[in-house]
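Data first, discussion second: the structure below is written as structure tokens.
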Amino acid sequence: MESAPKKLKPVNKGRGNSRALPKRPPVVLNLTLVSFILLLNIFYLFVIPIWLYPQSSWWALTAIPFVFSTPLQWALIHEAVHKMLHSNRNLSYWLGRVLSWFLFASFEVLQFGHLMHHRFNRKIDAEWYDPKSCSKLHFYTQYYWYLFIGVYISEVFGTFILGSVPERAIRWIAPRAATNHEGKPFRELAQLAEQFFCHPKHLARLRGDTLAIICLLITIFWVGQEGWLFLLLTLLARGFFISFHDNVYHYATPLENTVPAVEMQAPSLLTKWILNFNYHFTHHMHPDVPWVHLPAIHERKRYPFEGSLLKSLMRQVAGPQVLPEESEGEEPK
């Protein structure tokens, strides 16, 4: 009989004395935003191809708001990952799960990946590399792949692979796929991945998600078959938004995790659109606090801003960072 999986908790939880901080999510606002995102997805993926696009190709311009809604959709999923999308945790989970279907990734995959990001911050998905032990060409290629589209592709393909293969195949994949920031084996991460994805509850959910996403994709491309190429490019554009925004708050921060993330200034409208994601240091210090309370905690704790979000997004294009010799340390076990 399988034992219950270990609870996947962010490593920084409790670091900032979160118990005294507000925990109630903005339920009505969150439900309104979830409804808006789901209706937008249904409108763009079904209503336009079936009824509107055949009448006028100008309806293709609706791809712009659809693509630009991606950060908001991911931010809502992020709240569900931390069980803060709704005060009812079961409803929070299901809302996050359905939102994930429309990004064509399993909520199980997104949840595990994000909580491992908190737990092993800067040990995985980092941009630092040691030229003595890693090929520059290989690392640069890998870096730009993940920066522009690879993060999203790995989430989608991870869903289809893990959700389609037998359990014994997952046990074979886990130690080979779980690597640190230099691509070297990361045993602790591999063990957690195997335990999580092979547990009957999570495996059943993952397979259910995979089946739902396959059905959704078949339906979407069937109703939009005349413009399938444009639709594919639109979905890849959404993947770009997810990947390009993924590591910006951690770019060039120390591998020792002395600075888990940085706080970034952004225009007011953008800040609201990404649900205060730019208050990222505050989030890492208090991962169980809903998005709506992050600015107030930022002010109360006097956490500093470290530059502009828009400039930092472009700064990533400069490429990987060379690991200083004095920062080289023992690889994670």
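Worth pointing out:
- Hits in segment 220-230 - residues which are assigned to a helix (DSSP H, G or I) and touching a residue at least 12 places away in the same chain (Cβ under 8 Å): ILE220, VAL223, GLU226, GLY227, PHE230
- Flag for GLY183 being touching a Pro at 6+ places or on another chain (Cβ under 7 Å), modelled with pLDDT under 95 and of a type outside the set (Ser, Thr, Tyr): no
- When VAL259, VAL248, VAL289 are screened for being over 25 Å from TYR146 (Cβ atoms), aliphatic (A, V, I, L, M) and not in a helix (DSSP H, G or I), only VAL289 passes.
- Residue under evaluation LYS132, criteria (1) farther than 25 Å from PRO254 by Cβ; (2) assigned to a loop (DSSP other than H, G, I, E, B); (3) modelled with pLDDT under 95; (4) not β-branched (Val, Ile, Thr), criterion not met: (1)
- Residue match in segment 69-83 (condition: at pLDDT 90 or above, in a loop (DSSP other than H, G, I, E, B) and closer than 30 Å to PRO200 by Cα): yes
- Selection status of LEU95, of a type outside the set (Phe, Trp, Tyr) and assigned to a helix (DSSP H, G or I): yes
- Scope segment 15-46; condition farther than 20 Å from LEU99 by Cβ and either part of a helix (DSSP H, G or I) or in contact (Cβ under 8 Å) with a residue 24 or more places away in the chain (or both); matching residues: ARG15, GLY16, SER18, ARG19, ALA20, LEU21, PRO22, LYS23, ARG24
- In segment 12-28, of all residues being surrounded by fewer than 15 Cβ atoms within 10 Å (Cβ to Cβ) and either among the small types (Gly, Ala, Ser) or out of contact with any helix residue (DSSP H, G or I) (no Cβ under 7 Å at 6 or more places or on another chain) (or both), the one that is modelled with the lowest pLDDT corresponds to GLY14.
Residues are listed down the side, and each one gets a yes or a no for (1) modelled with pLDDT of 95 or more; (2) of a type in the set (A, V, I, L, M, F, W, C); (3) within 19 Å of PHE120 (Cα to Cα):
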residue	(1), (2), (3)
SER268	yes, no, no
ASN276	yes, no, no
PRO290	yes, no, no
ILE297	yes, yes, no
GLU328	no, no, yes
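- Among the residues of segment 292-314, those that are among the hydroxyl-bearing types (Ser, Thr, Tyr) and not in a loop (DSSP other than H, G, I, E, B) comprise SER308, SER312.
- Of residues in segment 112-143 being in contact with an Asp or Glu (Cβ under 8 Å, 6 or more places away or on another chain) and not aromatic (Phe, Trp, Tyr), the one surrounded by the fewest Cβ atoms within 10 Å (Cβ to Cβ): SER133
- Filtering segment 47-56 to residues that are in a helix (DSSP H, G or I) and either farther than 18 Å from TRP222 by Cα or touching a helix residue (DSSP H, G or I) at 6+ places or on another chain (Cβ under 6 Å) (or both) leaves ILE48, PRO49, ILE50, LEU52.
- Which listed residue, of LEU233, LEU162, is surrounded by fewer than 16 Cβ atoms within 10 Å (Cβ to Cβ) and either out of contact with any helix residue (DSSP H, G or I) (no Cβ under 7 Å at 6 or more places or on another chain) or touching a residue at least 40 places away in the same chain (Cβ under 8 Å) (or both): LEU233
- Test: ILE64 is surrounded by fewer than 12 Cβ atoms within 10 Å (Cβ to Cβ), in a helix (DSSP H, G or I), without any contact (Cβ under 8 Å) to a residue 40 or more places away in the chain and not small (Gly, Ala, Ser): yes
- Among the residues of segment 262-286, the ones that are polar (S, T, N, Q), surrounded by 21 or more Cβ atoms within 10 Å (Cβ to Cβ) and in a helix (DSSP H, G or I) come to 1 in all.
- Single residue of segment 139-156 satisfying the filter (hydroxyl-bearing (Ser, Thr, Tyr) and in contact with a helix residue (DSSP H, G or I) (Cβ under 8 Å, 6 or more places away or on another chain)) that is farthest from SER106 (Cα to Cα): TYR146
The values are calculated or read from the model by the stated rules, or taken from the named source; none is laboratory data. All of these numbers come straight from a predicted model, not from anything done at the bench. Positions of Cβ are backbone-derived with ideal geometry, glycine not excepted, and every protein chain shown enters the neighbour counts.
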